[in-house]
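Working notes for the structure below.
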Amino acid sequence: MPLALLALAVSAFGIGTTEFVMMGLLPQVADDLGTSVPTAGYLVSAYAIGVVLGAPLLTALGSRVPRKRMLLLLMALFTVGNLASAFAPDFGWLVAGRVLAGLPHGAFFGLGAVVAARLVREDRQARAVATMFLGLTVANILGVPAATLLGQHLGWRATFLVVSVIGLVAIAALARLVPYVPVDGRQGLGREVRALGRPQVLLGLLTAVFGFAGVFAVYSYLASMTTEVMGFGDSTVTIVLALFGLGMTGGALAAGPLTDRALRPTLYGSLAALVLALVAFRFTVHVPWLALVTVVVLGAVGFMTTTPLQMLVMNKAKDAPTLASASNHSAFNLANAGGAWAGGAAVAAGWGWTSPALVGAGLTVVGLAVAVVAGLLDRRTPEGTSRVVAGSPLKAAGAAGASGAEVSPSSASPASGS
């Protein structure tokens, strides 16, 4: 795998850390800024709003900017947003900082996925995308627990300062390792928008909204389930979240080669496995050791859906995939918000702390149904599922990344259907 993928993974690590760390810092933020924990919870939503708005907006604004330069600009905006959060004088400014930090999230992952796919052969594109996403999963194992611990001992502002430093490291890695990839002269905002409007792309995004919502219906309340149902103490919550992150990493590692081999079967299988795991969790949560095993499985099968969904929308928007790729992350964040809302509504209705698991299973069933319908419709078209980029990788990636020389994707031959 090219070293450029390491730079993308480091960037993903920083983004994943700042996205999820706020959940563990809400009490400290609330105490310091003189507000309640539920009100501080709006900081989680503020970041998600930034992602949803920023993914299409920044991708559209950067449609003519060379890929490497755009990645650097997005990571710079991410760093500024975290610095703004660290030095926010009051709650309102912190909300603004969180929105600013979230703006580049979807655009970076969307563009990064396209660049990652261009760095390797056609039969390894999903593995390349999954490698970038490994940074996100490792953030849940190491970054979030470490940053939470740091915030608890040195104050929440120290956490965002450290994340800003990670952003600077990511910028240096991107500048050094990622090749200069110019924009295809035939591409533009109009072409990207038309690609985004294709039925199969929209169905892929809808699958992400419902399918992944099942994960966050449970994940959002996993801490409460740990203490209220599993019977563990507060100190165990970090371990349970880390186990979920371990499962995510395993799922990401498995998803790459499986998606390269058979995209739609991997998508169907992962969504079906997620439904079964969510239903099982409703019962295993009462047996501590079985609950911990199921948490790992949930993380694995839940995150296994992300790579085939990412590749699907990129492939279906093949000649102009960047906006569709970025919009997929808006869909994931809508899934985060929707799943958390649905799970919380079930708890508020008095159905108990285990009810989000069944609610999540129902949401994922809808996502699976949309995916199957899309697959059946896809069989009627002669095109099939084409690759997002041509089979020939940017062979000069390593050298160009070091020298800053221009590497063009135009030398690749047209991709064949699969």
(request) As a check on your grasp of the helix formula, calculate [θ] at 222 nm for the chain: sum -39500 (n - 2.57) over DSSP H runs of n ≥ 4, divide by the residue count, round to the nearest 500. (result) -26000 deg cm²/dmol
(message) Projecting each Cα onto the charge dipole of the chain (Lys/Arg +1, Asp/Glu -1 at the beta carbon, about the Cα centre), which of GLY251, LEU33, GLN152 comes out farthest on the positive side?
(response) GLY251
(request) Could you let me know the centre-to-centre spacing of the stretch 276-343 and the stretch 78-101, using Cα atoms, in angstrom? (result) 28
(message) Once you keep just the Cα pairs under 8 angstrom separated by 6 or more residues, what percentage relative contact order results for the chain?
(response) 26
(message) Suppose every Lys and Arg Cβ carries +1 and every Asp and Glu Cβ carries -1, with no other charges. What dipole size does the chain come out with about its Cα centre, to the nearest 20 debye?
(response) 1320
(request) Heavy atoms only, probe 1.4 Å: what % of the accessible area of the chain goes to carbon and sulfur, would you let me know? (result) 70
(message) Assuming 0.36 nm per residue, please report the length gained on full extension of the stretch VAL165 to TRP289 beyond their Cα-Cα distance.
(response) 40.9 nm
(message) How much length would be gained if the chain were fully extended between ALA262 and TRP341, taking 0.36 nm per residue of separation minus their Cα-Cα distance, in nm to one decimal?
(response) 25.1 nm
(request) Can you tell me the order of 282-294, 135-147 when each peptide is scored by its average per-residue count of other Cβ atoms within 10 angstrom, highest first? (result) 135-147, 282-294
(request) Over the stretch 27-176, average the accessible area per residue using a 1.4 Å probe and give it in Å², no decimals. (result) 37
(request) Name the most mobile residue of THR17, THR354, THR35, meaning the one with the largest mean-square fluctuation, in a Gaussian network model of the chain with Cα contacts below 10 Å. (result) THR35
(request) Label the chain by shape, choosing from rounded, prolate and oblate, from the square roots a ≥ b ≥ c of the eigenvalues of the Cα gyration tensor; if a/c is under 1.5 it is rounded, and otherwise prolate applies when a/b is larger than b/c, oblate when it is not. (result) oblate
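The values are calculated or read from the model by the stated rules, or taken from the named source; none is laboratory data. Every value quoted in this text rests on a predicted model; they were computed, and no experiment measured them. Ideal geometry is used to build each Cβ from the backbone, glycine not excepted, and the neighbour counts take in all protein chains shown. SASA here: full protein model, heavy atoms, side chains in, ligands and nucleic acids out. Shrake-Rupley method; radii C 1.70, N 1.55, O 1.52, S 1.80 Å.
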